[in-house]
Amino acid sequence: MDSQEVCQLLNITKRTLQSYRDKGVIAFSSVGGKFYYRPKDIDEYLRTRTKRKGVK
């Protein structure tokens, strides 16, 4: 997935995504100056950040 796809999926700005890269929040690869993300890494990010009602 490219940066635009991830931003749309997570409903975040490109700047927020850059911050996530800088902080190591989401794994990425860079090819020719363009950033790419594995769907499984995005799924893992969503899974670990999802709060379930009534679960502590």
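The values are calculated or read from the model by the stated rules, or taken from the named source; none is laboratory data. For clarity, every value in this text was computed on a predicted model and none was experimentally measured. Counting neighbours? That spans all protein chains shown, and the Cβs are built from the backbone with ideal geometry, glycine included. These accessible areas exclude ligands, DNA and RNA; they are computed on the full protein's heavy atoms, side chains included. Shrake-Rupley method; radii C 1.70, N 1.55, O 1.52, S 1.80 Å.
Numbers at a glance
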read-out	value
Subset of segment 1-11 [under 17 Å from Arg47 (Cβ atoms) and over 9 Å from the mean Cα position of the chain (by Cα)]	Met1, Asn11
Qualifying residue in segment 9-21 (condition: open to solvent by less than 70 Å² (accessible area, probe 1.4 Å) and touching a Cys at 6+ places or on another chain (Cβ under 6 Å))	yes
Positions within segment 41-56 being exposed (fewer than 10 other Cβ atoms within 10 Å of the Cβ) and either touching a strand residue (DSSP E or B) at 6+ places or on another chain (Cβ under 6 Å) or not small (Gly, Ala, Ser) (or both), in sequence order	Arg47, Thr48, Arg49, Thr50, Lys51, Arg52, Lys53, Val55, Lys56
Checklist (1) of a type outside the set (D, E, K, R); (2) open to solvent by less than 100 Å² (accessible area, probe 1.4 Å); (3) not in a loop (DSSP other than H, G, I, E, B) applied to Gln4, failing item	(2)
Residue list for segment 22-34, restricted to those being over 11 Å from the mean Cα position of the chain (by Cα) and either in a loop (DSSP other than H, G, I, E, B) or surrounded by 12 or more Cβ atoms within 10 Å (Cβ to Cβ) (or both)	Gly32, Gly33
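Residue-by-condition table, conditions (1) in contact with a Leu (Cβ under 7 Å, 6 or more places away or on another chain); (2) of a type in the set (Gly, Ala, Ser); (3) under 13 Å from Asp2 (Cβ atoms); (4) without any contact (Cβ under 8 Å) to a residue 12 or more places away in the chain:
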residue: Gln18; (1), (2), (3), (4): no, no, no, yes
residue: Asp22; (1), (2), (3), (4): no, no, no, yes
residue: Ser30; (1), (2), (3), (4): no, yes, yes, yes
residue: Tyr36; (1), (2), (3), (4): no, no, yes, no
residue: Pro39; (1), (2), (3), (4): no, no, yes, no
residue: Glu44; (1), (2), (3), (4): no, no, no, yes
